[in-house]
Each structure stands twice: as structure tokens, then as C-alpha cells.
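Engineer: If you scroll down you'll find the structure; I have some questions about it.
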Amino acid sequence: MSIKNNLLEIKSSLPETVTLVAVSKTKPVSDLMEAYEAGQRIFGENKIQEMADKFEQMPKDIEWHMIGHVQTNKVKFMAPFVSLIHGVDSLKLLEEINKQASKNNRIIDCLLQIHIAEEETKFGLDEAELIEILKQVQNDKFENINIKGLMGMATFTENQDQIKKEFLHLKTIFDKLKTKNSQLTTLSMGMSGDYQLAIDCGSTMVRIGSSIFGGRK
Ligand SMILES: *Cc1c(COP(=O)(O)O)cnc(C)c1O
């Protein structure tokens, strides 16, 4: 199967309400261009330098999403162009994004990453930390940040019941917040192995890499 065929097949299987982020990390620009020519305009990367290099080389109507863990000192390299940062998990990082967005006269959309997996290694906030950060955001009135929703990654396991439980947990937190903040519209959950389940559990944005571009080394 070609990248184009993979992409079109996945796209046709997604409900209209679900946005597809094509996760192109580690893949060459020629692969991304194949997806671009098949109509894809949203790409996700997990390293800021790699994303900036690809941004330079590719058409300017692409939306670039940062889906990886973000180091504060690197925010400045993506602030001029990034359209959504999925993995925001601290106030310190929000402050830096706000500062760099302001320098670039932009408002940058962000998702707060919630820890839903069993693994300790996955980044993210728990519910109490989330509430605390949202409170701070309201007090500090960050003018150059727009918090659009939440992101989460399920445990890497074959156990569908467990993955489902984790996705539903995130959806519950999202729904609770949405009743108070109507600007929260995006729930980013689901990857190649679990996106169908994620959609069943209420995802509005899926991040799919290997099912489009093939496996990574
Ligand atoms: C790599 C990555 C993905 C895509 O993973 P696939 O299994 O290749 O679809 C999605 N989300 C995040 C945060 C990633 O780092």
C-alpha cells in the first residue's frame, strides 16, 4: 500500500467530526509530500528541530502540530509557525509559550496533556494538577495562549478493556471541564493501534503515524 492509499483509506473511515493528524516523525520530506499531494494538511512531529526543518522545506498551508514532550528552552524555535501544541504539562511551559507567542504576535493553541496510562514514563498531569493549572491560567490571563482541550496516551498494551477504561477516563475529565469552558473543543486521543477505540470513546482528534507512513526504525 502507498502512503496515499493508506491515508485515503483512513480518512474515509473517520467520522467527519474527527480531525486526522498525520504523524510524520522520522519520515523524509518526500513521504510527507506524498501525503500532502493526497490532500493532507495537518502533520504531527515530536521533535521541534525536525518540525522546523520540515516547515522550512514544505508548502506554507500546512498546520504543524507538536505532539511530543516540549522542552521550555526550545519553544522559541516553533513559536513563529506551530499551530497546536498537544503535550503541555506544566505552568512553566505555558508561561514560555505565552511569552514566545507574544514576541511573534501570535496566539498559540495548546492542549493540556493528561496522564491516563499505567506507565510512569508517559508525561502528563493528573486531574488535580489540571484543575490547578486551569485556575492559574485564568488568574494570569495569558493573552497569547488558547487552551483548546486535552490530550492523552493510553497504556501500550494489547488489553482493549484497559485502553478503553483509560480513554473513557480522559473523556470524563474532558466533559466535566467542557461544561465550564465552552472553548474546550478538542480531545486528542488515539494512535495507529487504538484510534478506532478512541473514536468510540469520544476522541475528536487522532494522531496516526505508522498506519499511514509505515513503521519507524
Ligand atoms: C508517534 C506518536 C503517535 C503516532 O504513533 P503511531 O503508532 O505510529 O500511529 C501519536 N502520538 C504521539 C504522542 C506520538 O509520539
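The values are calculated or read from the model by the stated rules, or taken from the named source; none is laboratory data. Here the structure is a predicted model, which means the values were calculated and not measured. Note that each Cβ is placed from the backbone with ideal geometry, even for glycine, and that neighbours are counted across all protein chains shown.
Engineer: Quick one: which of Val18, Val29 is within 25 Å of Gly202 (Cβ to Cβ) and of a type outside the set (Ser, Thr, Tyr)?
Structural biologist: Among Val18, Val29, only Val18 is within 25 Å of Gly202 (Cβ to Cβ) and of a type outside the set (Ser, Thr, Tyr).
Engineer: Within the range 163-185, identify whether any single residue is touching a residue at least 60 places away in the same chain (Cβ under 8 Å) and either aliphatic (A, V, I, L, M) or surrounded by fewer than 21 Cβ atoms within 10 Å (Cβ to Cβ) (or both), and answer yes or no.
Structural biologist: No.
Engineer: If you go through the range 176-190 one residue at a time, do you hit one that is over 20 Å from Ile108 (Cβ atoms) and touching a Gly at 6+ places or on another chain (Cβ under 8 Å)?
Structural biologist: Looking through the range 176-190, at least one residue is over 20 Å from Ile108 (Cβ atoms) and touching a Gly at 6+ places or on another chain (Cβ under 8 Å).
Engineer: Which one is surrounded by the fewest Cβ atoms within 10 Å (Cβ to Cβ) among residues in the range 74-107 that are among the hydrophobic types (A, V, I, L, M, F, W, C) and in contact with a Leu (Cβ under 8 Å, 6 or more places away or on another chain)?
Structural biologist: Val75
Engineer: Tell me whether the range 209-217 contains one or more residues that are within 14 Å of the ligand (Cβ to nearest atom), at pLDDT 95 or above and in contact with a strand residue (DSSP E or B) (Cβ under 7 Å, 6 or more places away or on another chain).
Structural biologist: The answer is yes, given that some residue of the range 209-217 is within 14 Å of the ligand (Cβ to nearest atom), at pLDDT 95 or above and in contact with a strand residue (DSSP E or B) (Cβ under 7 Å, 6 or more places away or on another chain).
Engineer: From the list Ser24, Ser13, which one is on the phi < 0 side of the Ramachandran plot and buried (at least 18 other Cβ atoms within 10 Å of the Cβ)?
Structural biologist: Ser24
Engineer: Among the helices (runs of 4 or more DSSP H) lying completely within the range 1-70, list those that include at least 1 residues that are under 14 Å from Ile212 (Cα atoms) and either touching a Phe, Trp or Tyr at 6+ places or on another chain (Cβ under 6 Å) or within 14 Å of the ligand (Cβ to nearest atom) (or both).
Structural biologist: Where helices (runs of 4 or more DSSP H) fall fully within the range 1-70 and carry at least 1 residues being under 14 Å from Ile212 (Cα atoms) and either touching a Phe, Trp or Tyr at 6+ places or on another chain (Cβ under 6 Å) or within 14 Å of the ligand (Cβ to nearest atom) (or both), they are 3-13, 29-37.
Engineer: Please specify each residue of the range 140-199 satisfying the condition of being part of a loop (DSSP other than H, G, I, E, B), within 16 Å of the ligand (Cβ to nearest atom) and under 17 Å from the mean Cα position of the chain (by Cα).
Structural biologist: Ala154, Thr155, Met189, Gly190, Met191, Ser192, Gly193, Asp194
Engineer: If we scan the range 118-130, do we find a residue that is assigned to a loop (DSSP other than H, G, I, E, B), within 16 Å of the ligand (Cβ to nearest atom), touching an Asp or Glu at 6+ places or on another chain (Cβ under 6 Å) and of a type outside the set (Asp, Glu)?
Structural biologist: yes
Engineer: For Gly87, work out the one condition from (1) assigned to a helix (DSSP H, G or I); (2) in contact (Cβ under 8 Å) with a residue 60 or more places away in the chain; (3) under 30 Å from Asn139 (Cα atoms); (4) not polar (S, T, N, Q) it doesn't fulfil.
Structural biologist: It is condition (1) that Gly87 fails.
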